[in-house]
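> First, the structure itself, so that you have it in front of you.
The values are calculated or read from the model by the stated rules, or taken from the named source; none is laboratory data. This structure is a prediction, so every number in the text was calculated from the model and none was measured. Cβ placement follows ideal geometry from the backbone for every residue including glycine, while neighbour counts extend to all protein chains displayed.
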Number of protein chains: 2
Amino acid sequence: MEQESEKATRKPRADSLRNREKLLAAAHDVFSAGGPDASLEKVAKTAGVGIGTLYRHFPTREAMFQAVYKREVDQLVELAARLAEEKPPFEALRQWLHAQIGMVATKKGMLAALTPAAGSSDALYADSSARMLAAIGRLMAAAIEAGEIRDDLAPEDVMRALLGMCYTREQAGWQEKVIRLMDVFLDGLRIRGD
Amino acid sequence: MEQESEKATRKPRADSLRNREKLLAAAHDVFSAGGPDASLEKVAKTAGVGIGTLYRHFPTREAMFQAVYKREVDQLVELAARLAEEKPPFEALRQWLHAQIGMVATKKGMLAALTPAAGSSDALYADSSARMLAAIGRLMAAAIEAGEIRDDLAPEDVMRALLGMCYTREQAGWQEKVIRLMDVFLDGLRIRGD
DNA sequence: TGCAAAACGGAGGCACCCTCCGTATAAATT
DNA sequence: AATTTATACGGAGGGTGCCTCCGTTTTGCA
């Protein structure tokens, strides 16, 4: 019988992986729409699984937030890499920032949920933050090298501008407003070929 | 029949006023201890009234927060005036700041509760804030005139220091820690008679 | 003192939280 | 392919909180 560790680790079941993924997708949707206090039973129903399955995968609300958050960071970092390859530098930066806005809706719940228990999840947070800054840094560097944007802003500055704009998230429809604000900002960032 | 306005306004019932006051006191205690999501039924029970009575006086959770908040601002402004009369200037300032810390526990729930619905309660907020700054300004002016503290800080600065320190409110027992921090800060503020 | 307006209190219906366990199913074994 | 067995599934159920509604009690006024 072949096994690498002393513990007999069976291959994880396919349905388990499927359900985990379905739950994460559903959680993203539900929390984006309903805020951090949205019902976990609604998440389970949206995912099409039982409430028991949800709790087995994510024992606490915060565990669920963290998993969603990490997944989104992964996706955004990957998206940055793909955009950098496929699009002109400025356009890549623009599209990536737009994608960011969609994420903040969830991060909102994240922040509220993580703050009280701070300390347990600091590492996750710091790491994600660093990766995000690195990703935006690469996009900006490319645009600067192409002579498309100013070179006197740091990645942190752009990040702060983005998050600051999102701080007005209150009424319905804030995402559209922030996208417009962000486009104005990008217009200011751009070097025009006059 | 004598009445001042066209509407026949009967004198408010004594029990109503009593219960309202009991509810506000209970709400302060419960929210301080349990945070903004504390149970309203616990508030009613602590106050010794039925849940129906609570909802009649404060139809929504936010209405309750606002009432508690306003009451605390009133009390603190009044306390500032009394301390200014009865205590030496520096001691008055110190005791008032300590009292402030007790309030933040409730304001925490306040902020979380007010933010989403911003706009409906802006006026209340701005007014309270101004009154608080005026109160601390008077205490500081007295201490400056007596030569007890430095004169190069504005009321806003001290307020910001206080709130910044309170931002670490997470674990149990944060109030004690903040009181110690605040005393250190006050020690720095003080002009020593060397 | 009598009476009607106003306030009281808690039962009841609903939603959500989380646990527990009988049933179903996928991986391992033969 | 059939059997075994570890693992995952789903939802009923017990508990708590939210808020409404209405019969009962209290209070101000005449």
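> Give me the pairs: first residue in region A:7-34 and farther than 14 Å from A:Leu54 by Cβ and touching a residue at least 60 places away in the same chain (Cβ under 8 Å), second residue away from DNA strand C (no atom under 13 Å from the Cβ) and small (Gly, Ala, Ser), beta-carbon distance under 6 Å, and six or more apart or on different chains, which are they?
Close Cβ pairs satisfying both conditions: A:Ser32/A:Ala105.
Residue by residue, here is whether (1) among the hydroxyl-bearing types (Ser, Thr, Tyr); (2) more than 13 Å from DNA strand C (Cβ to nearest atom); (3) part of a helix (DSSP H, G or I) holds:
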site	(1), (2), (3)
A:Val30	no, no, yes
A:Lys42	no, no, yes
A:Lys45	no, no, yes
A:Val49	no, no, no
A:Gly52	no, no, yes
A:Ala67	no, yes, yes
A:Val73	no, yes, yes
A:Val77	no, yes, yes
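> Look through A:Ala38, A:Ala33 and report the one residue that is out of contact with any strand residue (DSSP E or B) (no Cβ under 6 Å at 6 or more places or on another chain) and surrounded by 13 or more Cβ atoms within 10 Å (Cβ to Cβ).
A:Ala38
> Against the definition (at pLDDT below 95, more than 11 Å from DNA strand C (Cβ to nearest atom) and not in a helix (DSSP H, G or I)), how does B:Pro36 come out, yes or no?
On the way: at pLDDT below 95: yes; more than 11 Å from DNA strand C (Cβ to nearest atom): yes; not in a helix (DSSP H, G or I): yes.
The answer is yes for B:Pro36.
> Report, by residue number, each residue of region A:31-59 that is within 15 Å of DNA strand D (Cβ to nearest atom) and of a type in the set (Ser, Thr, Tyr).
Answer for region A:31-59, where residues must be within 15 Å of DNA strand D (Cβ to nearest atom) and of a type in the set (Ser, Thr, Tyr): A:Ser39, A:Thr46, A:Thr53, A:Tyr55.
> Filter region A:168-182 for residues that are surrounded by 13 or more Cβ atoms within 10 Å (Cβ to Cβ) and of a type outside the set (Val, Ile, Thr); which is modelled with the lowest pLDDT?
Here the answer is A:Arg169.
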